[in-house]
Amino acid sequence: MMTYAVECKNISKHFGKTTALSHINLNMEKDKIYGLLGRNGAGKSTLLNIVTAQTFPDDGEVKIFGESPYENGRALRNICIVKENGMFLKDVSVTGALDIASSFYNNWDKKLAERLLIEFQLDKRKTYRNLSLGMKSQLGIIVGLASRAPITIFDEPYIGLDAAGRQLFYDVLIEDYMENPRTIILSTHLIDEVSNLLEDVIILNKGEVMLEGNSEDIKNKAFYIRGTKDRVEKHISGKKVLSKEEFGNTMAVAIFDSISDNEIRAMELDDLAISSIPLQQLFIFLTGGKMIKRGDINE
Amino acid sequence: MNRIKSHLKMHYLNSKKSFVIFWSIMFAISALGILISIYFKSRGYESVIITNSIVAVVIFGAVSGMVCYNETLPYMLNMGITRKDFIFGFAIYNILLSLIMSVIYTLLSIWEWLMYKLLGFNYEHFGQFFSGVKGIFEMTWICFLVTLCATVLFTLIASIYYKKGMMFLFGIGALIMLLMFIPGVTQAVFGFLESLVLSCAGGKGYIMMTLYSLAFFLLCYLIIYPLARTSQIKR
């Protein structure tokens, strides 16, 4: 039987009358990069807090490499989580924060941490309190990457970080991942920027898994089709339509469904324009208001 | 064991700044006090010199216990430490902090005593709980016990605050105040405290004090343990 890096079985969590997570079932494999996507309040951070045993689920169970992480040092040692709000001690310097982190993570790569300090041009002597928002994110990213933890989680890690800083993060992440494969979970809003990094995607919406699967497979099922109204309608019959817009006799639809090569050829013969939907746009379609149940999509 | 070492290292780095600031102020006050005493003596004032207070050390320990718990529990959970290891590490931190504080306090007291003796002043300690204590070891030990009790009490308060919130803490405070209205309760509480203090008097009083402090420490941690074990990171 396959041992997953992260296994969530029927996880539910409520905060008062609010349902943060509802019956979440997920399996994350070893040495893969996952994108955990969802709108604000979708339950991403709650899920990650439960996975790292920082919060208890009301129902269900989590396993890390086959073991429950609750009060299990051996399981927890496999995880490094970097959060958007930092979670560093305010009066500790950058050097101190890295020093503490190095003593907690068994695979800590000191050279990588030093290299990233130079690349991010982060002042080692500054205390966390005195760092700008972007610098705080840089520190989190350095800890996450240098931890080399078998499960490394980045929960919105780059608040306040400029485009160059984010690009550096992506470059180092992929470079380090190629040399030292591990399970990376990237929870983010900046979907377009990371879409090429992600091997698997999980979309949470209102505390439920709306969509999960291989990133390429998902992208290969999401299309825009444009053309004259009657021809478009002929070809999308029976397909799952995410959005439909009409401009006079012209129609543009976004569909999320498998399309065979024959169907594509037939559409081209009918002068229909077919293009892929970027992951971010697909995410907006899926989470942008109209509730689409998981069963509607994941078939 | 390595996790506990890492835990203590974190406390060291986290508390270093406030610790240095606190003792810098204490030593500065002491030095200023000596200068002021010299000035007034040169003006002909002759009186008993009253100097630094153990109360400041106890307050530092208490505040440190409270602030550190609330700051470091979520941090340590984020670093992947178990709650059990956190409690164990925090208890060691309470003990080490109290011990180091009391040793430095004793050194400060010895320094003051030497200075005032050399300058020919009548010297007394202000706020020394047990004026009968003469030996350096006893003085350090009693300071340690008092600081430890304050630290662990405020760690307990912090653990209730973290787990249950401010309103619950206020509720406990209000309940205690209400209980005091019941005839005989106040007298019983003060009578109990008085008997504790009296049993600590005398030459070997510090042995009783040690036992009481140890019992208090364990009692507090018996309450802290289940609270911390079920604490979650705040949203």
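Points worth noting:
A quick yes/no check of all residues on (1) within 13 Å of chain B (Cβ to nearest Cβ); (2) in contact with a strand residue (DSSP E or B) (Cβ under 8 Å, 6 or more places away or on another chain); (3) more than 17 Å from A:ARG77 (Cα to Cα):
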position	(1), (2), (3)
A:GLU7	no, yes, no
A:SER12	no, yes, yes
A:THR18	yes, no, yes
A:ILE24	no, yes, yes
A:ALA53	yes, yes, no
A:PRO57	yes, yes, yes
A:ILE64	yes, yes, no
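- Residue check, A:PRO157 at pLDDT below 90 and closer than 26 Å to A:SER103 by Cβ: yes
- Within the stretch A:68-117, tally of residues that are among the acidic types (Asp, Glu), loosely packed, with under 15 Cβ neighbours inside 10 Å and more than 11 Å from chain B (Cβ to nearest Cβ): 1
- Qualifying residue in the stretch A:218-225 (condition: assigned to a helix (DSSP H, G or I) and either surrounded by 14 or more Cβ atoms within 10 Å (Cβ to Cβ) or not assigned by TED's automatic domain parsing to the domain that holds A:ASP109 (or both)): yes
- The residue that is surrounded by the fewest Cβ atoms within 10 Å (Cβ to Cβ), counting only those in the stretch B:20-40 that are in contact (Cβ under 8 Å) with a residue 12 or more places away in the chain and of a type in the set (A, V, I, L, M, F, W, C), is B:ILE38.
- Any hit, the stretch B:11-33, residues being over 17 Å from the mean Cα position of the chain (by Cα), among the charged types (D, E, K, R) and under 30 Å from B:PHE121 (Cα atoms): no
- The stretch A:226-250, subset touching a Leu at 6+ places or on another chain (Cβ under 9 Å) and open to solvent by 90 Å² or more (accessible area, probe 1.4 Å), residue modelled with the highest pLDDT: A:ARG226
- Just one of the listed residues (B:GLN187, B:GLN232) is over 19 Å from the mean Cα position of the chain (by Cα) and closer than 30 Å to A:LEU48 by Cβ, namely B:GLN232.
- The stretch A:183-204, residues that are at pLDDT 90 or above and within 16 Å of A:GLN281 (Cα to Cα): A:LEU198, A:VAL201, A:ILE202, A:ILE203, A:LEU204
- Only strands (runs of 3 or more DSSP E) whose full extent lies in the stretch A:1-91 are considered here, and the ones with at least 3 residues that are among the hydroxyl-bearing types (Ser, Thr, Tyr) and assigned by TED's automatic domain parsing to the domain that holds A:ILE159 are A:18-28.
- Residue among A:ASP271, A:ASP296 that is out of contact with any Lys or Arg (no Cβ under 6 Å at 6 or more places or on another chain), at pLDDT 85 or above and open to solvent by 50 Å² or more (accessible area, probe 1.4 Å): A:ASP271
- Filter result for B:ILE81 (in contact with a helix residue (DSSP H, G or I) (Cβ under 8 Å, 6 or more places away or on another chain) and more than 14 Å from chain A (Cβ to nearest Cβ)): no
- For the residues B:VAL55, B:VAL67, B:VAL103, the requirement of being under 20 Å from the mean Cα position of the chain (by Cα), more than 30 Å from A:PHE154 (Cβ to Cβ), surrounded by fewer than 16 Cβ atoms within 10 Å (Cβ to Cβ) and at pLDDT 90 or above singles out B:VAL103.
- Cβ-Cβ under 6 Å pairs, at least 6 apart or on other chains, the stretch A:137-156 side polar (S, T, N, Q), far side buried (at least 23 other Cβ atoms within 10 Å of the Cβ) and assigned to a helix (DSSP H, G or I): A:THR152/A:GLY144
The values are calculated or read from the model by the stated rules, or taken from the named source; none is laboratory data. Please read these numbers as outputs of a predicted model, since none were measured by experiment. Note that each Cβ is placed from the backbone with ideal geometry, even for glycine, and that neighbours are counted across all protein chains shown. Heavy atoms of the whole protein, side chains included, go into the accessibility calculation; ligands, DNA and RNA do not. Shrake-Rupley method; radii C 1.70, N 1.55, O 1.52, S 1.80 Å.
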